[in-house]
Amino acid sequence: MISCLIKGGRVIDPARQLDQVADIWIDQGRIKAVEPNLSPPEAPQALDAQGLWVLPGLIDMHVHLREPGQEHKEDLQSGLTAAVAGGFTTVLAMPNTSPPLDSAPLITGLLARAQEIAGARLCLAATMTRGRQGKELSEYQDLRAAGAKAVTDDGSWVADSQVMRRILDYAQVFGLLPLSHAQDPILAAGGAIIEGRMSARLGLPGIPAQAEEIAIFRDLALVELTGQPLHICHVSTQQGVGLIRAARAKGLPVSAETAPHYLFLTEEAVGEYNSAAKMNPPLGTKADREALREALKDGTISVIATDHAPHSILDKEVEFIDAAFGITGLETSLPLALELAREIDLPIPRLVELMSRNPARLLGLPGGSLAPGGPADITIVDPELEFIYEAKKGFSKGLNTPFEGRKFRGRAVLTLVGGEIRYRWPNLTRQSQACL
Ligand SMILES: [Zn+2]
């Protein structure tokens with residue numbers, strides 16, 4: 001089993017209000033102690049983390065790993081490896097695979113396969129409804145017993161309000177967090193980018209921001225009716241932010257996430273039909289971007305998740321209107337978040353809450369903190385390391401990113417899962433010794 005000492009890093013653990021230079025003693029894959037100047041009796045191998053940040057392992061609660069059914073786009077091996085390279089120790093994979101994850105054997109099988117991969121831990125969301133058809137509820141009790149942590153028909157909104165009401169009630173009974181892809185499918189139908197100036201200029205069919213607003217409004221009304229929790233995925237509009245802020249002020253049990261691309265890019269990124277900037281929900285206006293940044297600051301949005309959506313080149317290098325929605329995100333999320341923190345003065349402990357502690361709490365996962373006794377899931381960040389992002393040098397099969405060639409400062413340089421080094425930045429020179 002794995003034992004080591006991470007020495008002299010800046011340890012940031014908001015769950016314990018810790019932000020200080022300290023050592024972390026890892027014993028048998030778990031955190032044994034976090035204190036300055038530790039000297040464990042057995043003197044395990046040491047890892048010098050001076051000048052680096054030592055964070056609870058990051059958790060991405062919205063990824064598409066495409067297995068089963070579309071392994072040419074991504075599979076568990078490539079996806080979970082890309083995750084640790086991006087600093088994530090746990091990911092929550094969405095169930096809109098082929099077939100969709102709506103049965104216990106599918107969940108059990110994928111979780112077992114993930115055990116054999118030296119990447120991030122895999123958590124799974126099962127479908128909210130059988131076959132993602134939006135009509136009958138999936139078997140929540142069986143899915144929970146098989147290990148599912150959440151339910152969602154992500155990719156589609158459950159438009160039937162009676163069905164959604166029952167989902168909220170049942171998900172709570174079985175300890176599954178419901179996640180809503182809040183977008184009115186009929187209003188959004190046929191759209192390629194946000195409806196507005198850019199869609200008019202390019203002559204592309206638009207998706208009105210109101211498609212998100214209507215869906216969030218309905219979802220929140222049902223949260224109020226049932227009193228049960230709901231998590232809203234990839235919020236992208238100022239209208240959506242406003243509704244969630246008001247609901248939270250009323251005390252409704254609603255949480256929300258946004259993705260890094262909405263915090264940086266606007267509809268302008270589509271430029272001259274650049275399909276790398278085509279995603280759903282679509283990129284919004286500058287006002288949307290500012291509202292999302294504000295929502296992170298005031299806690300309206302409590303999670304940053306990637307919505308990592310890898311596609312093959314063939315899916316993207318076609319006419320814009322026919323190109324697939326979505327971008328990869330696992331290997332750019334943390335560098336973008338670090339850039340954002342500098343731009344808007346977001347304290348790093350707050351960033352750790354958004355990318356580790358809050359997703360852990362929402363999903364009831366053991367990580368999200370560096371408390372002794374917990375799993376040694378740890379992300380070590382070099383905040384000053386500069387690099388130029390090239391998707392093809394990464395681990396995801398998806399090369400579909402609008403951030404190709406971007407110069408970043410700060411990234412994960414070591415990612416430990418259960419005390420084992422699962423990712424190491426190849427040009428790492430400052431570490432004296434490895435754990436293993
Ligand atoms: Zn979605």
(request) Tell me which residues come under 5 Å, amide H to amide H, from D23 once H is placed; ignore anything under 5 positions away on its chain. (result) G8, E35, N37, L38
(request) Give the peptides 147-156, 341-350 in descending order of average Cβ contacts within 10 Å, highest first. (result) 147-156, 341-350
(request) Have a look at N96, N400, N37 and tell me which one the Gaussian network model of the chain (Cα, springs below 10 Å) gives the largest fluctuation. (result) N37
(request) Mind listing the long-range amide H neighbours of V303? Cut-off is under 5 Å, sequence gap 5 or more, other chains count too, H placed in the peptide plane at 1.01 Å from N. (result) A256, T258
(message) Spelling out what I want: for every residue of the range 21-32, take phi, set θ = phi - 60°, compute 6.51 cos²θ - 1.76 cosθ + 1.60 (Karplus), and round to whole Hz; glycine and proline get x.
(response) 6, 7, 9, 10, 9, 9, 10, 6, x, 10, 7, 9
(request) Quick one: give the max-minus-min coordinate of the C-alpha atoms of the range 269-413 along each principal axis, largest first, in Å. (result) 53, 34, 31
(request) Please arrange Y170, Y273 by counting, for each residue, the other beta carbons lying within 10 Å of its beta carbon, fewest first. (result) Y273, Y170
(message) Suppose every Lys and Arg Cβ carries +1 and every Asp and Glu Cβ carries -1, with no other charges. What dipole size does the chain come out with about its Cα centre, to the nearest 20 debye?
(response) 520
(message) Amide H of I194 versus every other amide H placed in the peptide plane: which residues, excluding those fewer than 5 positions away on the same chain, fall under 5 Å?
(response) I207, L283
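Pairwise over distinct Cα atoms, reciprocal of the mean inverse distance: report the Kirkwood radius of the chain in Å, one decimal place.
Computed over the chain, the radius equals 21.7 Å.
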(message) Please report the net charge: other residues with Cβ closer than 15 Å to the Cβ of R165, K and R +1, D and E -1.
(response) -3
(message) Straight-line reach only, C-alpha to C-alpha below 27 angstrom: list the lysines that K392 could link to, leaving out same-chain residues fewer than 8 apart.
(response) K73, K278, K316, K407
(request) Report ³J(HN,Hα) in whole Hz for each residue of the range 379-387, in order, from the Karplus equation J = 6.51 cos²θ - 1.76 cosθ + 1.60 where θ = phi - 60°; Gly and Pro get x. (result) 10, 9, 10, 9, x, 9, 5, 9, 8
(message) As an exercise, identify the trypsin sites (Lys or Arg not before Pro) in the range 241-284 lying in DSSP coil whose Cβ has no more than 12 other Cβ atoms within 10 Å.
(response) K250
(request) With a length cut of 27 Å (Cα positions projected on each helix's long axis) and a Kyte-Doolittle mean of at least 0.5, go through the chain and give me the DSSP H helices that pass. (result) none
(request) For the chain, set up a Gaussian network in which alpha carbons nearer than 10 Å are linked by springs, and say which option among A269, A33, A112 fluctuates the most. (result) A112
(request) Using a 10 angstrom cutoff on alpha carbons, build the Gaussian network for the chain and name the most mobile of E136, E272, E339. (result) E272
(request) Just need the relative contact order of the chain here, percent rounded to a whole number, with Cα pairs under 8 Å and 6+ apart. (result) 21
(request) Indicate, rounded to the nearest 5 percent, the antiparallel portion of the DSSP beta bridges found entirely in the chain. (result) 55
(request) Specify, per residue and in Å³, the volume enclosed by the convex hull of the alpha carbon atoms belonging to the range 178-256. (result) 75
(request) Give the distance, in whole Å, between the Cα centre of the range 346-385 and the Cα centre of the range 75-150. (result) 21
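The numbers here are math on the coordinates, done by the rules we state, and not lab data. Keep in mind the model is a prediction, meaning the values are calculated, not measured. Ideal geometry is used to build each Cβ from the backbone, glycine not excepted, and the neighbour counts take in all protein chains shown.
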